[in-house]
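> What follows is a structure written as structure tokens; I'll ask about it next.
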Amino acid sequence: MANVVGKRNKSVNFDNRIVGGEPVPVEMFPASVKFYNFGAFCSGTIINSWCVLTAAHCFDNNKEVYDMMIEVGARYTHDSGGDVYEVLKYVIHEDYNKTIPFSCDIALIFPTRLMKLGNKSKKALIVNTNKWMNVTEKNIIVTGWGWTRYGGPISKPGLMKTYLRFVSLKDCEEMHNIRLTPDMFCLYGEGTRDTCKGDSGGGVLWNDFVIGVVSHGDGCARKNKPSVYANVWYFRQWIKTQMEHFVEKVCDMFPPD
Ligand code: ARG
């Protein structure tokens with residue numbers, strides 16, 4: 001496991017929620033959901049009423065579906081207003097962690113029942129172009145409920161958002177002095193804005209599209225240390241295939257009379 005981006009626990013920034021962001025109501029980001037996995041706190045993005053996109057590493061601690069929960073439409077971490085869903089099945093990318101640590105850091109979660117969509121819960125669209133992948137793009141937004149302090153209380157202001165700028169893989173590799181893979185991309189907030197611990201699995205949004213999944217970084221909002229994301233454009237076929245497989249399996253489980 002040489003060359004990991006970051007000694008992740010030695011974060012220099014102990015104010016560990018989305019760094020440099022602002023609180024937002026869930027109605028503004030209705031595709032963002034919380035994903036609790038037995039001690040691991042992650043986020044996710046609604047893809048449709050039966051599927052949530054998240055990061056593969058959110059399953060590192062636990063693989064048992066009975067200890068997982070998705071919460072939709074709740075602004076604050078201790079809200080009771082959200083809709084809670086149990087998990088029927090999940091699929092982690094088969095090449096997760098294979099070539100380098102955190103490669104293919106992407107997964108899908110299927111709840112036990114359909115998620116109710118409304119003004120606090122909407123689906124994001126899977127990006128259908130790679131036009132956002134350029135350094136002049138200004139519309140790249142990340143959201144999350146990340147923790148306020150490492151291992152400490154979760155974000156009091158609830159859901160937060162900030163904007164970040166695209167950094168090419170080559171520049172990102174140079175800044176971290178490691179090799180990255182084409183299934184990843186990097187975002188930077190000038191050392192003042194960033195995602196952080198607890199934001200993992202959450203979506204990177206570009207207009208109505210989800211373009212990335214929060215994966216990892218070297219601390220949070222450190223100077224010249226862009227954070228790393230799974231590239232949804234790269235995984236679009238994988239996502240489609242997995243959703244088709246799931247539908248086929250469910251139809252096998254409940255055959256028509
Ligand atoms: N890996 C972290 C998590 O599990 C997210 C890291 C995101 N970004 C960063 N700059 N550290 O919540």
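The values are calculated or read from the model by the stated rules, or taken from the named source; none is laboratory data. Quick caveat: nothing in here was measured; it's all calculated off a predicted structure. Neighbour counts run over all protein chains shown; Cβ positions are idealised from the backbone, glycine included.
Results for (1) within 11 Å of the ligand (Cβ to nearest atom); (2) in contact with a helix residue (DSSP H, G or I) (Cβ under 6 Å, 6 or more places away or on another chain), shown as yes or no for each residue.
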residue	(1), (2)
Ser168	no, no
Cys186	yes, yes
Gly189	yes, no
Gly198	yes, no
Cys220	yes, no
Asn224	no, yes
Val232	no, no
Phe235	no, no
Lys249	no, no
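> Now a separate question. Residues in the stretch 18-40: is at least one free of Cβ contacts under 8 Å to residues at least 60 places away in the same chain, within 14 Å of Ser121 (Cβ to Cβ) and of a type in the set (Asp, Glu)?
no
> Determine whether the stretch 113-121 contains at least one residue that is polar (S, T, N, Q) and surrounded by fewer than 19 Cβ atoms within 10 Å (Cβ to Cβ). Steps first, answer last, please.
Going residue by residue through the stretch 113-121, those that are polar (S, T, N, Q) are 119, 121.
If we keep only those that are surrounded by fewer than 19 Cβ atoms within 10 Å (Cβ to Cβ) too, we end up with 119.
Looking for residues that are polar (S, T, N, Q) and surrounded by fewer than 19 Cβ atoms within 10 Å (Cβ to Cβ), one finds at least one in the stretch 113-121, hence yes.
> Scan Lys240, Lys223 and give me the residue that is under 26 Å from Trp50 (Cα atoms) and surrounded by fewer than 22 Cβ atoms within 10 Å (Cβ to Cβ). Even if it seems obvious, please write down each step before you answer.
Working: Lys223 fails: under 26 Å from Trp50 (Cα atoms).
Answer to the check: Lys240.
> Report, ordered by the first and then the second residue, all pairs with beta carbons closer than 7 Å, sequence separation of six or more or different chains, a first member in the stretch 93-122 that is more than 24 Å from Ser227 (Cβ to Cβ), and a second member that is of a type in the set (S, T, N, Q) and surrounded by 20 or more Cβ atoms within 10 Å (Cβ to Cβ).
Met115/Ser121
> Same structure, new question: Taking the residues in the stretch 177-193 that are among the hydroxyl-bearing types (Ser, Thr, Tyr) and farther than 17 Å from Asp105 by Cα as candidates, determine which candidate is modelled with the highest pLDDT. Before you say what the answer is, go through the steps one by one.
Step one: filter the stretch 177-193 for residues among the hydroxyl-bearing types (Ser, Thr, Tyr), giving 181, 188, 192.
Then drop every residue that is not farther than 17 Å from Asp105 by Cα, which leaves 188, 192.
On the way: Tyr188: 97, Thr192: 88.
Here the residue is Tyr188.
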